[in-house]
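The values are calculated or read from the model by the stated rules, or taken from the named source; none is laboratory data. On a predicted model such as this, the values are computed, not experimentally measured, just so you know. With ideal geometry, Cβ positions are generated from the backbone for all residues, glycine too; neighbour counts draw on all protein chains shown.
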Amino acid sequence: MGKDKVIIFDTTLRDGEQSAGIGLTTAEKLEIAKQLEKLGVDVIEAGFAASSPGDLEAVKTIASEVRKPVIASLARCYLDDVDKAWEGVKDAQHPRIHVFISSSDIQIMNQLRKNPEEVLDIAVASVERAKSYCEDVEFSPMDATRTDPQYLYQLLEAVIDAGATTVNIADTVGYTIPSEFAQRIEDIKSNVPNISKAVLSVHCHNDLGLSVANSLSAIRAGVRQVEGCINGLGERAGNASLEEIIMAIDTREDLFNVSTGIDTTQIYRTSRLVSDITGFPVQPNKAIVGANAFRHASGIHQDGVIKDRSTFELIDPQRVGWPSNSLVLGKLSGRAGLRSRLEELGFHLDQQELSEVFEDFKLLADRKREITDQDLEALMSNSRRISDVPNLYQLQHVQVSTGDQGIPTATVKLIDRDGTEFTDAATGTGPVDAVYQAINRVIAVDNVLTEFRVDSVTEGIDAIGDVTIRIEKDGNIFVGRGSDTDIIVASAKAYMNALNRAVSADEKFQS
Ligand code: KIV
Ligand code: ZN
C-alpha cells in the first residue's frame, strides 16, 4: 500500500508575517511565494485579505501568479472578511478560504464576550458563506488545545456539516505537549462522527519550544495536514518550523510512513531567501538551516566524518540543498564561471541581469581575494533589494571622517528619480549616525531607528558586512538591508533601502 501524503501548508506570508517587526512589500511576498512553489508546498496562506489593502493586494497578486499550490486567505468569522478573502483568492488556480474563530472559554468569554452557542452559529454561517464561493474551505478553532473537548467535537461536526473540507486544530498559545496532543487528535477522530469527510490539520506555536514535536506527534496520530513557517517565523516565539517537520518525516520514514511533495533540495535556498527578505537572521545552531547545522567541531566527530560521514552526520547537507562550496571564484573568474556558480545556487539570470551582477562581482573581487557562495548570495540580495524596492533615491557617494579625537562627520551625495543630485554633510555621535543625519538632511522622512545589526557574511578581515536595520514611521516598520566590504557604506545602503520603502509606501497610500 502506498504511503499517505501529508499536506504541507505554509503560512510564512500570514502567521510568519505577523512576527513583530516584519513588513513585506507585495513584490517580496510574491518572490517568497514563487520559491515556496519551487519547494513544493501544497498550500500557501498568502495573507489575511481583510486585514489591510496591502494584504489584499498581495493575496490577489500571489493568487494570479502562483498557479501550482492552493492559495489561501485567512478570514475571521465575519461575512465581510469572508467576502474579502474570496476577492483575494478568486483568481487562483486552486483557491481556499480559511476561516477561524476562538473556541476556548478563555477567549470566548474574555475576548469575544459571547457564549459558545453563539460562536458555533457564527462559525457555521461563515463556513457556509465561504462554501458559497469556494469548494475548498478550512476552519480553525483558535486555541483548540485549551478548548473543552465536548464543545470542540460539536463545533467540528457542525462546521464539517456546513462544508469545511479541512479542520485545523490550533495550539494557538503553544500550550500542549506531544503525548497530550496526540491523545487529543485520537479523541477527535473517535468523537466527531463526520471527521472522515475533512482533512485533519494542526497548527502549532512554539511558546514552550514544542511546536515541531507536537506537529510530528499529531502526524503519528493521523493528521494529514501540517501548518508552519519557514525558519519557524510567526507570532511571539513563532510557528512550527516547516523545514524541521519536513526533514523529520523524510529522515524517519521508518517511523512516520508518510510522504510529502517537497523537493528537499530547495530548503536551504528557501530559508535564506526568507531570512534575507524579512531581515530575521537564522540562529547558527538552528536545525537543518543554521550555519553550524552541518559543521563538525570536535576532534572525535571530525575524525568520524572523515572516515565515514554517516558516523556523525544524520542528513546529507546536499539533500537540503546546502551549497557544496567546492568552487571559489576570484578576480580572474569570467561571466561563464559566475553564471554557472549562480545557477548551482538557484539563481537563473538573463543576460542583462548577469551583466549587472557581474559588474558588482568585479568590484567585490577587487577588494576580496576569494568570492564564496555566501558572498554571491549577498551580491544577489543586494541586487534584489535594488529591483524590489523603488529606487526613489540612490546613494551615489558616502565619505566619512571619524576617530577618537574629532567629531564624526559624513558627506553624502544622493540622486533622486529625476536625476537631480543632492550633496549634504552632517556630524553625529558616531560614523553611522553622521551618515544617517546627512541622509536625513536630503530625505526629510521623520523616523525612529529601532534596530541596527551588522553581520559578517563570511569569515576573514575582508568579509562582506551585512547590515539590517528597522525604522519606524507613523506606526509602520520598514526593514532596510545593505551589504558591502565597508560597513559604513553597508549601513548607508541599508538606510537608503529602508527610506525608499517608507517613501514609496507613503506615495502609494496617498495615491
Ligand atoms: O494560531 C492560530 O490560532 C492561528 C489561527 C488563525 C489558525 O494562527
Ligand atoms: Zn497561528
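Can you run down the residue pairs with Cβ atoms below 8 Å, 6 or more apart or on separate chains, where the first is in the stretch 235-255 and within 13 Å of ligand 2 (Cβ to nearest atom) and the partner is small (Gly, Ala, Ser) and in a loop (DSSP other than H, G, I, E, B)?
As it stands, the answer is Glu235/Ser19; Arg236/Gly174; Ala237/Gly174; Ala237/Gly209; Gly238/Ser19, since those pairs meet every condition given.
Restricting attention to the stretch 130-144, which residues are of a type in the set (Gly, Ala, Ser) and away from ligand 2 (no atom under 13 Å from the Cβ)? It would help to see each step written out before you state the result.
Taking the stretch 130-144 as the starting set, the residues that turn out to be of a type in the set (Gly, Ala, Ser) are 130, 132, 140, 144.
If the condition is that a residue be of a type in the set (Gly, Ala, Ser) and away from ligand 2 (no atom under 13 Å from the Cβ), then Ala130, Ser132 are the ones that fit.
Across the stretch 210-231, what is the number of residues that are more than 11 Å from ligand 2 (Cβ to nearest atom) and either within 14 Å of Thr172 (Cα to Cα) or among the aliphatic types (A, V, I, L, M) (or both)? Before the answer, list the steps.
Residues of the stretch 210-231 more than 11 Å from ligand 2 (Cβ to nearest atom): 210, 212-226, 230-231.
Then keep just the ones that are either within 14 Å of Thr172 (Cα to Cα) or among the aliphatic types (A, V, I, L, M) (or both); that gives 210, 212-216, 218-219, 221, 223, 226, 230.
Selection size over the stretch 210-231: 12.
Cβ-Cβ distance below 6 Å, separation of 6 or more or different chains: which pairs start in the stretch 6-18 with a residue that is over 15 Å from Thr270 (Cβ atoms) and assigned to a loop (DSSP other than H, G, I, E, B) and end on one that is within 13 Å of ligand 1 (Cβ to nearest atom) and of a type in the set (Phe, Trp, Tyr)?
Arg14/Phe48
Please indicate, with yes or no, whether at least one residue in the stretch 174-192 is within 16 Å of ligand 1 (Cβ to nearest atom), closer than 28 Å to Ile267 by Cβ and under 21 Å from the mean Cα position of the chain (by Cα).
Yes.
Is there a residue being assigned to a loop (DSSP other than H, G, I, E, B), closer than 28 Å to Glu235 by Cβ, in contact with a helix residue (DSSP H, G or I) (Cβ under 7 Å, 6 or more places away or on another chain) and among the polar types (S, T, N, Q) anywhere in the stretch 266-276? Even if it seems obvious, please write down each step before you answer.
Step one: of the stretch 266-276, the residues assigned to a loop (DSSP other than H, G, I, E, B) are none.
The answer is no; no qualifying residue exists.
Quick check: anything in the stretch 376-385 in contact with a Lys or Arg (Cβ under 7 Å, 6 or more places away or on another chain) and more than 23 Å from Phe478 (Cα to Cα)? Give the derivation first.
Start the filter on the stretch 376-385 by keeping residues that are in contact with a Lys or Arg (Cβ under 7 Å, 6 or more places away or on another chain), which leaves 376-377, 381, 385.
Still in the list and also more than 23 Å from Phe478 (Cα to Cα): 376.
Looking for residues that are in contact with a Lys or Arg (Cβ under 7 Å, 6 or more places away or on another chain) and more than 23 Å from Phe478 (Cα to Cα), one finds at least one in the stretch 376-385, hence yes.
Scanning the stretch 219-238 for residues that are under 18 Å from Glu138 (Cβ atoms) and buried (at least 20 other Cβ atoms within 10 Å of the Cβ), which turns out farthest from ligand 1 (Cβ to nearest atom)?
Ile219
Considering only the stretch 97-111, state which residues are away from ligand 1 (no atom under 13 Å from the Cβ) and either surrounded by 16 or more Cβ atoms within 10 Å (Cβ to Cβ) or in a strand (DSSP E or B) (or both).
Selection gives Ile108 alone.
Here are Asp263, Asp207: which of them is within 16 Å of ligand 2 (Cβ to nearest atom), at pLDDT 95 or above and out of contact with any strand residue (DSSP E or B) (no Cβ under 8 Å at 6 or more places or on another chain)?
Numbers: Asp263 fails: within 16 Å of ligand 2 (Cβ to nearest atom).
Among Asp263, Asp207, only Asp207 is within 16 Å of ligand 2 (Cβ to nearest atom), at pLDDT 95 or above and out of contact with any strand residue (DSSP E or B) (no Cβ under 8 Å at 6 or more places or on another chain).
Consider Glu17 carefully, then state whether it is within 13 Å of ligand 1 (Cβ to nearest atom), closer than 28 Å to Val282 by Cα and surrounded by 19 or more Cβ atoms within 10 Å (Cβ to Cβ).
Spelling it out, Glu17 is indeed within 13 Å of ligand 1 (Cβ to nearest atom), closer than 28 Å to Val282 by Cα and surrounded by 19 or more Cβ atoms within 10 Å (Cβ to Cβ).
Considering each of Val127, Val159, Val192, Val167 in turn, give the residue that is within 16 Å of ligand 2 (Cβ to nearest atom) and either surrounded by fewer than 20 Cβ atoms within 10 Å (Cβ to Cβ) or of a type in the set (Val, Ile, Thr) (or both). Give the steps one after another, and end with the answer.
Values: Val127 fails: within 16 Å of ligand 2 (Cβ to nearest atom); Val159 fails: within 16 Å of ligand 2 (Cβ to nearest atom); Val192 fails: within 16 Å of ligand 2 (Cβ to nearest atom).
Selected residue: Val167, the only one of Val127, Val159, Val192, Val167 that is within 16 Å of ligand 2 (Cβ to nearest atom) and either surrounded by fewer than 20 Cβ atoms within 10 Å (Cβ to Cβ) or of a type in the set (Val, Ile, Thr) (or both).
Could we say that Ala365 is within 30 Å of Ile32 (Cα to Cα) and within 28 Å of the chain's Cα centre (by Cα) here?
Working: within 30 Å of Ile32 (Cα to Cα): yes; within 28 Å of the chain's Cα centre (by Cα): no.
So Ala365 fails the test.
Could you list, ordered by first residue, the pairs with Cβ atoms under 8 Å in which the first is in the stretch 98-117 and on the phi > 0 side of the Ramachandran plot and of a type in the set (Gly, Ala, Ser) and the second is surrounded by fewer than 23 Cβ atoms within 10 Å (Cβ to Cβ) and part of a loop (DSSP other than H, G, I, E, B), at least 6 apart or interchain?
none
Out of Glu45, Glu37, Glu31, I need the residue that is out of contact with any helix residue (DSSP H, G or I) (no Cβ under 6 Å at 6 or more places or on another chain), buried (at least 24 other Cβ atoms within 10 Å of the Cβ) and acidic (Asp, Glu). Which one?
Numbers: Glu37 fails: buried (at least 24 other Cβ atoms within 10 Å of the Cβ); Glu31 fails: buried (at least 24 other Cβ atoms within 10 Å of the Cβ).
Only one candidate passes the filter, namely Glu45.
Since Ser51 meets every condition but one in (1) buried (at least 20 other Cβ atoms within 10 Å of the Cβ); (2) within 16 Å of ligand 1 (Cβ to nearest atom), which condition does it not meet?
(1)
Could you run through the stretch 277-322 and say how many residues are in a loop (DSSP other than H, G, I, E, B) and without any contact (Cβ under 8 Å) to a residue 60 or more places away in the chain? Outline the logic, then answer.
Initially, the stretch 277-322 is screened for residues in a loop (DSSP other than H, G, I, E, B), giving 279-298, 308, 312-316, 321-322.
Remaining after also requiring without any contact (Cβ under 8 Å) to a residue 60 or more places away in the chain: 282-298, 308, 312-313, 316, 321-322.
Residues in the stretch 277-322 being in a loop (DSSP other than H, G, I, E, B) and without any contact (Cβ under 8 Å) to a residue 60 or more places away in the chain: 23 in total.
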